[in-house]
Amino acid sequence: MMKEVDPMLKSKEIHPSNIELHNELGRGKFGVVYKATVNNLEGTTKSVQAAVKTSNEKADVEEREALVEEMKRMVQLGDHQNILPLLASCSVREPYYLVTVSMKYGDLLHFLRKCRQQKNKENDSTFRVGEEEKLMIALQIAKGMAYVREQRFYHGDLAARNILVGEGLEIKISDFGLSEDLYTKGYQRRTKGQMIPIKWCSLETILHGICSSDADVWSYGVVLYEIYTLGGTPYPGMEGRFLVPMLKRGYRMEQPGHCPDYVYEVMQRCWQEDPHERIKFQEIVEKMEATLVQMTDYVQFSSEDDIMINRPAPITGHDALPTDDHDEDNFAPILEEDDNININDLEDFMMIEGSSTTDHVIMPTRGVKNDYVES
């Protein structure tokens, strides 16, 4: 059944016949991503290599319609170099297609884990990720999230699995399926029965369902852990339901090996229990930019009128040494865990533990965006 194009998507809408789906790139609970060729995009006569997200066979009507809402949110967010752009949409009849740029190295989580393998480093220098490269990745994510906050949105599911890596370590934040615009209170609440990625969630999100830019900051701290452990599993071996009481008592992850003190300090400031005491994304950007300048550049005065910025020349070819000093036998563990927990199940457990996830108020999730109130 065909419907009218949403006005927000009108400039992006193309006919499905312009999309040629190729191999599958990834699959989630309700969605699947394909490599694709897209023809007749507005402003170009050439075929474009892209990634196409669509619903899989398990998705119900609500999940399928959520894909259209995600397209609209991407348009609302606008353009930023570290945000995955919407190239095109097919939203008037099923199957719906969300068309984005193709990112060569896929999601950040799997990219980081590939950086652990010597053979990958030897075959492609992009996988030689040392302190400078990690900082560049972290900085780009912070820039993207600072922009999301400026646009009065929150992400709601910030994690390495939802960040994409392109050539030259170009980073783009993706998967705005849980993202919402912020009303006058500056936050939204999760609904009862919703699944949450508990190891990436802030305490106020877990306990009260509150989602905000400050909650994204907590998640960013966990992403830093993923970056500096080359894809290690947060809180390895710890069940999410047992994690919450420990977090309430003040427990936080320890400083990973090979993680600089200045980065761990940012992590700790991301994980403050009081959202108002957490570091802001813009401050993270400023701190990391200053550190990166100190790390990579120095100024050489060759004459009174000539100033040159120098960097050490990179070593190329198979003789190049990996820039990461990880001991391959001593990486942070990777555990295949189901990190998603139903809010209702967590509430039952917390009641047994003598605490509760209270104040689950269901707020509207659609509407006109109002002024954002800084928290």
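Quick notes on this one:
- Computed in the context of the full set of protein chains, the accessible area of the range 79-130 at 1.4 Å probe radius has 43% of its extent on carbon or sulfur.
- Per-residue surface analysis assigns residue 242 an accessible area of about 90 Å², computed on protein heavy atoms at 1.4 Å probe radius.
- Counting only lysines at least 8 places from residue 3 when in the same chain, those with an alpha carbon closer than 28 Å to its own are 12, 29, 35, 53, 58, 72, 369.
- When nucleic acids and ligands are ignored and a 1.4 Å probe is applied, residue 127 ends up with an accessible area of around 20 Å².
- Residue-normalised accessible area of the range 62-118, expressed per residue, 1.4 Å probe, Å²: 39
- Residue-count net charge about residue 95 - beta-carbon cut-off 15 Å; Lys, Arg +1, Asp, Glu -1: -3
- Once backbone amide H atoms are built at 1.01 Å from N, residue 26 has 33 as its partners under 5 Å, excluding neighbours fewer than 5 places away on the same chain.
- When 133, 4, 94 are compared by accessible surface with a 1.4 Å probe, the order from highest to lowest is 4, 94, 133.
- Heavy-atom surface of the range 199-255, accessible at 1.4 Å and reported per residue (Å²): 25
- For the range 58-127, the Cβ-based charge dipole about the Cα centre amounts to some 480 debye (Lys, Arg positive; Asp, Glu negative; other atoms uncharged).
- Ranked order, 27, 152 - accessible area, probe 1.4 Å, largest first: 27, 152
- Rounded, prolate or oblate (a/c below 1.5 giving rounded, otherwise prolate when a/b exceeds b/c) for the range 117-171 by Cα gyration tensor: prolate
- Burial order of peptide ranges 159-167, 5-13 (average beta-carbon count within 10 Å, highest first): 159-167, 5-13
The values are calculated or read from the model by the stated rules, or taken from the named source; none is laboratory data. Nothing here was measured: the structure is a model prediction, and the numbers come from that model. Here the Cβ is made from the backbone with ideal geometry for all residues, glycine too, and neighbour counts use every protein chain on show. The accessibility values were calculated without ligands, DNA or RNA, using every heavy atom of the protein model including side chains. Shrake-Rupley method; radii C 1.70, N 1.55, O 1.52, S 1.80 Å.
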